[in-house]
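Everything on this sheet refers to the single structure shown next.
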C-alpha cells in the first residue's frame, strides 16, 4: 500500500510509513491504491521548478541570440519592421547596455587603483554598489523617461504606435552598442586597456545616436505626411531630456553639497 502523505510504497500489514512515519491505514481500496500510486509516481518523475526555469532561460537565450544575429545584419532596417512582440529581447538588450556602461567604468577604476596603488603607497577599494548598481538604476530611470519622450513625440508626429513598439525599436538599435560594450569589457578584463577604452567610447557614442535613429525609424512607418516634422521632433526630444538632466543633476548636487 502507499502512504497517503508522502506516497511511499509500504508492505502490507505495517502500521507506520517507512518513509515518513505517518500511521498507515490498515486497508485501502484498490482504486485508492492505484490513484495514490499514480500520485507518487508523478511526484517521482515530474521535473522540479528549478529545471523548468533553467529550460525557460535556455530557450530565452536561444531566442535572444537569434534576435541579435538578425539585427546585426541591418539595425535600422530591422527597427522599421520590428513590433512589440520583441519587447522582451529589447528589454534584455537595453538592460545589458545600461549595466555594462558602469561595469566597464568599475573595471577601469579597479585597474587604475591596482596600477597606482604601489606608487602612492595605498590601495583604493572601488565599491561595486556605488560604481555599478546605483548608476545602473539611475540610467534605467533616464532611459525609461527618454523612451516615454520618444513615444510622446511620435504621437505628435501622428505615428500610429504604442509604447512597447517604441521600446522594441530602441532595443533593436541598441544591439550594436551592446556587442561593442561586451567586447570592450572583455578587453579590459584581459588588460588591453587602450583598445578597450576606445571601443567603449565608440559604443557609447553609437548608443547615444540610437535615440536619433529611433525617431527616423518611427517617422518611416508613418502612413500619412502630416503631424510634427521629424527635425522638430529631434529638437523637442533633446530639449526635454536636457531639461530633465539639468533638474535631476541640480537635485543631486544639492544633496551632495
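Among helices (runs of 4 or more DSSP H) entirely within the range 6-83, having at least 3 residues that are surrounded by 13 or more Cβ atoms within 10 Å (Cβ to Cβ) and at pLDDT below 85 singles out 30-45.
Report, by residue number, each residue of the range 215-233 that is in contact with a helix residue (DSSP H, G or I) (Cβ under 7 Å, 6 or more places away or on another chain) and more than 11 Å from residue 80 (Cβ to Cβ).
The first filter runs over the range 215-233 and keeps only residues in contact with a helix residue (DSSP H, G or I) (Cβ under 7 Å, 6 or more places away or on another chain), leaving 215-221, 227-228, 230, 233.
Selection gives 215, 227, 228, 230, 233.
The helices (runs of 4 or more DSSP H) found wholly in the range 147-257 include none carrying at least 3 residues that are in contact with a strand residue (DSSP E or B) (Cβ under 9 Å, 6 or more places away or on another chain) and either buried (at least 20 other Cβ atoms within 10 Å of the Cβ) or in contact (Cβ under 8 Å) with a residue 60 or more places away in the chain (or both).
The values are calculated or read from the model by the stated rules, or taken from the named source; none is laboratory data. Nothing here was measured: the structure is a model prediction, and the numbers come from that model. Glycine also receives a Cβ, built like all others from the backbone with ideal geometry; neighbour counts cover every protein chain displayed.
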